[in-house]
1. Beyond 26 Å between alpha-carbons counts as too far, so tell me which of 237/288; 17/116; 118/288; 112/233; 10/114 fall in that bin.
2. By the gyration tensor of its Cα atoms, with a ≥ b ≥ c the square roots of the eigenvalues, what is the shape of the stretch 210-309: rounded for a/c under 1.5, prolate for a/b over b/c, or oblate?
3. Of the listed peptides 234-245, 182-193, what is their order by residue-averaged count of other C-beta atoms within 10 Å, with the highest listed first?
4. How large is ³J(HN,Hα), in whole Hz, for each residue of the stretch 224-233 in order, when computed from phi with the Karplus curve 6.51 cos²θ - 1.76 cosθ + 1.60 and θ = phi - 60°, using x for Gly and Pro?
5. Quick one: accessible area per residue over the stretch 100-143, 1.4 Å probe, rounded to a whole number of Å²?
6. Apply the Karplus curve 6.51 cos²θ - 1.76 cosθ + 1.60, θ = phi - 60°, to the phi angles in the stretch 123-131 and return the couplings in whole Hz, x for Gly and Pro.
7. What accessible area per residue comes out for the stretch 175-310, rounded to a whole number of Å², with a 1.4 Å probe?
8. What distance in nm lies between label points placed 7 Å from Cα along the C-beta direction at residue 150 and residue 83?
Amino acid sequence: MVFTETPFYKAWAEYNKAVSHRFYEYSHSLIHVLMFGLLMMLFGTPRAAVYNGVDIWFVILYWLRGYYPIFLITVGLLLWWGDPIRLDLSGVKDAKERQKDRDAKKKNKNFKPKAKQKFRPNWYYWFFQIFEGFIWGTLAFILVPVVNDFILRIFQPDIINCIAFDTVNSERSLHTNVGQDIAFAFGSGFYEEIIFRGLLFMLIIQIAKRQKFMAPFKSDLVSLGVIPIKVPKHQPKSYNYYFLVGLGILLYAFSHYFFRYGDHLCTYSFFHRVFFGLTMYIIFTRRKIAVAAWSHTIYDLWYFSTQWID
């Protein structure tokens, strides 16, 4: 992807084709899970409690057995993604590829399986995915509040006087630290995208397909890659699909207003969550999990940095 030598549209197409290999999704997901698990074990504190509804999964794990569940989940995912990466880099076929060769051999005795070529990642593309996430995350951090302010000032001018984010900020500062905040940024970057743009949306669609008022609704599923589920394929021409996307975004926004340290529920902060959820949905469906995770992480790091300064 050398923009000075190749037309942009061709370079962009080559980049998107190259990063469709599982190595890129697995390796970026691996970094997020590893950073979250490592930093939580180093800097996590049981006083963290829940700052918003999205963090409840962490507290459930902590209540069960301290940091051991986080450690086990992290190690499990590292092994799960690490082994395919190892096989690809070393040119060794995995179980599915070997089974495919055996099936072909049964159909044709003269079939000779081809050796698997070693995968050579393009590190320029790999780092460009991080840079792309930095761009989208930074733009979201800058533009989402601007759009939110602009729209609310038109329809409800006095809403800006409403209490905004982190109304318990003075309490929150007693229950966290920079290392834990960075851990939450990496954790939410991966896990929130998987939960809200993956698992939750898949669940909503599967339930909706069984309802009478959604009877004509159909959804094609595509593999998410990093976890063994299939998520609904983006369907821009389906009104039912947009309705369910909106429902998923609303559930994501409401998840931030539960428990002791959640946001204060008001129009301003709620619509900020809605616009951010919509932004992440677009990034997730267009740029996939690797770029979406980095975009979310960068956004959170920018947000936490404002808390550190204060």
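The values are calculated or read from the model by the stated rules, or taken from the named source; none is laboratory data. In this text the structure is predicted, and so the values were computed from the model without any measurement. Reconstructed Cβ throughout: ideal geometry from the backbone, glycine too, with neighbour counts over all protein chains shown. In case anyone asks, the SASA skips ligands and DNA or RNA and just uses the protein heavy atoms, side chains included. Shrake-Rupley method; radii C 1.70, N 1.55, O 1.52, S 1.80 Å.
1. On the way: 237/288 20 Å; 17/116 19 Å; 118/288 24 Å; 112/233 36 Å; 10/114 30 Å.
From the list (237/288; 17/116; 118/288; 112/233; 10/114), the Cα-Cα distance tops 26 Å for 112/233; 10/114.
2. Working: a/c = 2.43, a/b = 1.48, b/c = 1.64.
Oblate, because a/c is 1.5 or more while a/b does not exceed b/c.
3. On the way: 234-245: 15.0, 182-193: 24.6.
Highest to lowest by the protection proxy: 182-193, 234-245.
4. 7, x, 6, 9, x, 9, 10, 10, x, 6
5. Values: 3590 Å² over 44 residues.
About 82 Å² of surface per residue is accessible.
6. Once rounded to whole Hz, the list reads 5, 4, 5, 4, 6, 5, 4, 5, 4.
7. Numbers: 6300 Å² over 136 residues.
That works out to 46 Å² for each residue.
8. It works out to 5.0 nm between the two label points.
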